Amino acid sequence: MRVVATEKAPKALGPYSQGYVHGGIFYSAGQIAINPEVDAVEAETIEAQTEQVCKNIGAVLEAAGTSYDKVLKTTCFLADMGDFAAFNEVYAKYFTSKPARSCVAVKTLPKNVLCEVEVIAAVEE
């Protein structure tokens, strides 16, 4: 197993890693809308937060040696399912290969953000 860590994505908020690669598969921790340059959530709208989340995912995918087009599955968490359409508009710009996906509403997310996304992706080892 190989730990994936990059300063281009937010550091873990607890006792976990940004991700792991094992057996040619990358498993990410959930990414939220923390801007790693300032270590804070700056975005306020679902669109802006989704944009930051996708940038953070891109950074961990790169650190793992993979990319958006190799993502097999995403799990998406929304604080409000009323944001589903706006979330999808931004998400679709990044996940053009249309990986398998689950999307659920949750009561609360870390730092009271509006969305969180985790990915599973293929890695060429």
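Every read-out reported here was derived from the displayed coordinates using simple, explicitly stated rules and does not represent laboratory data. These figures come from a predicted structure and were not determined experimentally. Ideal geometry is used to build each Cβ from the backbone, glycine not excepted, and the neighbour counts take in all protein chains shown.
Assorted remarks:
- Cysteines, the chain, no other Cys beta-carbon under 4.7 Å: C54, C115
- Coupling constants for segment 31-42 follow from the phi torsions by the Karplus curve (6.51 cos²θ - 1.76 cosθ + 1.60, θ = phi - 60°), and in residue order they are 10, 10, 7, 7, 7, x, 5, 10, 6, 8, 7, 9 Hz; glycine and proline get x.
- For the chain, the longest principal axis of the Cα atoms and the long axis of helix 84-94 meet at an angle of about 30 degrees.
- Axis angle, to the nearest 10 degrees, between helix 46-64 and the longest C-alpha principal axis of the chain: 10 degrees.
- Sparse packing (at most 12 other Cβ atoms within 10 Å of the Cβ) combined with a DSSP loop state is found for the following GluC sites (Glu not before Pro) in segment 1-89: E7, E37, E42, E44.
- Annotation: lysines with alpha-carbon distance below 23 angstrom to K111 (same-chain offsets under eight excluded): K8, K11, K55.
- In this structure the amide hydrogen of R101, modeled in the peptide plane, comes within under 5 Å of the amide hydrogens of T74, none closer than 5 places in sequence on its chain.
- Alpha-carbon geometry of segment 4-125: the Rg and the Dmax are 13.3, 40 Å, given in that order.
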